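Just so it is clear, none of the values below were taken in a lab; they were calculated from the coordinates. In this text, all values refer to a predicted model and were calculated from it rather than measured experimentally. When we count neighbours, we look across all protein chains shown, and the Cβ atoms used for this are built from the backbone with ideal geometry, even at glycine.
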Amino acid sequence: MKKLIMAAVAMGCMTLAEAQDLKEIQLPEPDKTRGTAVMKALSDRVSVRECSPEELSLRDLSDVIWAANGINRPEEGRRTAPSALNKQDIDVYVFTDEGVFLYLPQRHALQPVAEGDHREVLAGPPSPARTQDFVKAFPVILLFVSDLSRFEMTGERVKLMAAMDAGIVSQNVNLFCSSVGLCTVPRASMDEPAVRRLLNLADHQIPLLNNPVGYPKQ
Ligand SMILES: Cc1cc2nc3c(=O)[nH]c(=O)nc-3n(C[C@H](O)[C@H](O)[C@H](O)COP(=O)(O)O)c2cc1C
């Protein structure tokens, strides 16, 4: 993460003082020209649970978040991921070793939510039998949280739509990663009560899926 902040400083996106105080991170414009053809990305897609300890570059962080759920039609504010009724209910939280941030799609920026390394809460409920600790070794984890209140209606069908919306955002990440050679795996595992406490989520906000993102192990 320190490298990310230094890269942001180098790109003139933020001041060093802001970086030290875990202030908002302005992401660079996404590079919309990179990656393989869709059929090749589909052909290469695979869940990978081991990665290099190398930190994610600001370029890759910017691009994977934009691919996940960025704005691709600024005039209408519509997104790379379709959403039921265009309610855009999925918020993307970014976990790193330095803190947790909320993605602000309109500004393509990361707003600090919590300082410190909280990747542990995405490994799953604490248990000696836990098999998901691998996630803590990924430099970045993207968490997808649906805000059900944006649907302005209730019921089981709304929860299904939220889950489908999260799945689509996750698949954007899966395909982006396979097209540029990054490692990822879609995950439902997490310690939900701990996630709720950490992010101060309301009852109508549901953490649904997460994707750790990193570079291939050498
Ligand atoms: C909704 C969903 C939830 C998943 N949750 C987890 C998880 O919590 N932990 C994990 O290691 N893999 C998880 N996976 C990944 C699957 O285990 C994986 O996609 C499956 O084994 C097929 O492998 P492949 O993705 O390489 O084709 C999940 C996948 C989906 C679609």
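Any residue in region 78-91 that is closer than 21 Å to residue 59 by Cβ, touching a Gly at 6+ places or on another chain (Cβ under 8 Å) and hydroxyl-bearing (Ser, Thr, Tyr)?
yes
Taking strands (runs of 3 or more DSSP E) that do not extend beyond region 44-106, which have at least 3 residues that are touching a residue at least 12 places away in the same chain (Cβ under 8 Å) and touching a strand residue (DSSP E or B) at 6+ places or on another chain (Cβ under 6 Å)?
90-95, 99-104
Let me spell it out: the conditions are (1) away from the ligand (no atom under 16 Å from the Cβ); (2) over 19 Å from residue 78 (Cα atoms); (3) free of Cβ contacts under 8 Å to residues at least 60 places away in the same chain, and residue 180 meets all of them except one. Which number is the exception?
Failing condition for residue 180: (3).
Check residue 114 against each of (1) in contact with a helix residue (DSSP H, G or I) (Cβ under 8 Å, 6 or more places away or on another chain); (2) closer than 16 Å to residue 63 by Cα; (3) more than 16 Å from the ligand (Cβ to nearest atom); (4) among the hydrophobic types (A, V, I, L, M, F, W, C) and name the one condition it does not meet.
Looking at each condition in turn, residue 114 falls short on (2).
Restricting to region 186-203, and then to whatever is over 20 Å from residue 99 (Cβ atoms) and away from the ligand (no atom under 13 Å from the Cβ), can you tell me which residue is surrounded by the fewest Cβ atoms within 10 Å (Cβ to Cβ)?
So the residue we want is 203.
Hey, can you tell me all the residues within region 112-141 that are in contact (Cβ under 8 Å) with a residue 24 or more places away in the chain, aliphatic (A, V, I, L, M) and closer than 20 Å to residue 193 by Cβ?
Those that are in contact (Cβ under 8 Å) with a residue 24 or more places away in the chain, aliphatic (A, V, I, L, M) and closer than 20 Å to residue 193 by Cβ: 113, 114, 121, 122, 123, 135, 141.
Among the residues of region 147-158, is any within 15 Å of the chain's Cα centre (by Cα), aliphatic (A, V, I, L, M) and not in a helix (DSSP H, G or I)?
The answer is no, given that none of the residues of region 147-158 is within 15 Å of the chain's Cα centre (by Cα), aliphatic (A, V, I, L, M) and not in a helix (DSSP H, G or I).
Could you count how many residues in region 46-56 are farther than 15 Å from residue 134 by Cα and surrounded by fewer than 15 Cβ atoms within 10 Å (Cβ to Cβ)?
Residues flagged as farther than 15 Å from residue 134 by Cα and surrounded by fewer than 15 Cβ atoms within 10 Å (Cβ to Cβ) within region 46-56 amount to 1.
Go through 154, 131 for me and flag whichever is within 13 Å of the ligand (Cβ to nearest atom), out of contact with any Pro (no Cβ under 7 Å at 6 or more places or on another chain) and hydroxyl-bearing (Ser, Thr, Tyr). Let's see the steps before the verdict.
Working: 154 fails: within 13 Å of the ligand (Cβ to nearest atom).
The unique qualifying residue is 131.
Within region 57-83, count every residue that is of a type outside the set (Gly, Ala, Ser) and farther than 22 Å from residue 188 by Cα.
Count: 12.
Considering only residues that are touching a helix residue (DSSP H, G or I) at 6+ places or on another chain (Cβ under 6 Å) and part of a helix (DSSP H, G or I), which ones fall in region 166-192? Break it down stepwise before answering.
Within region 166-192, the first condition is being touching a helix residue (DSSP H, G or I) at 6+ places or on another chain (Cβ under 6 Å), and the residues that meet it are 169, 172-173, 175-176, 178-179, 184, 186, 190-191.
Once the filter is applied, which keeps residues that are touching a helix residue (DSSP H, G or I) at 6+ places or on another chain (Cβ under 6 Å) and part of a helix (DSSP H, G or I), region 166-192 yields 169, 172, 173, 175, 176, 178, 179.
Restricting attention to region 30-39, does a residue exist that is over 23 Å from residue 105 (Cβ atoms), within 16 Å of the ligand (Cβ to nearest atom), in a loop (DSSP other than H, G, I, E, B) and among the polar types (S, T, N, Q)?
no
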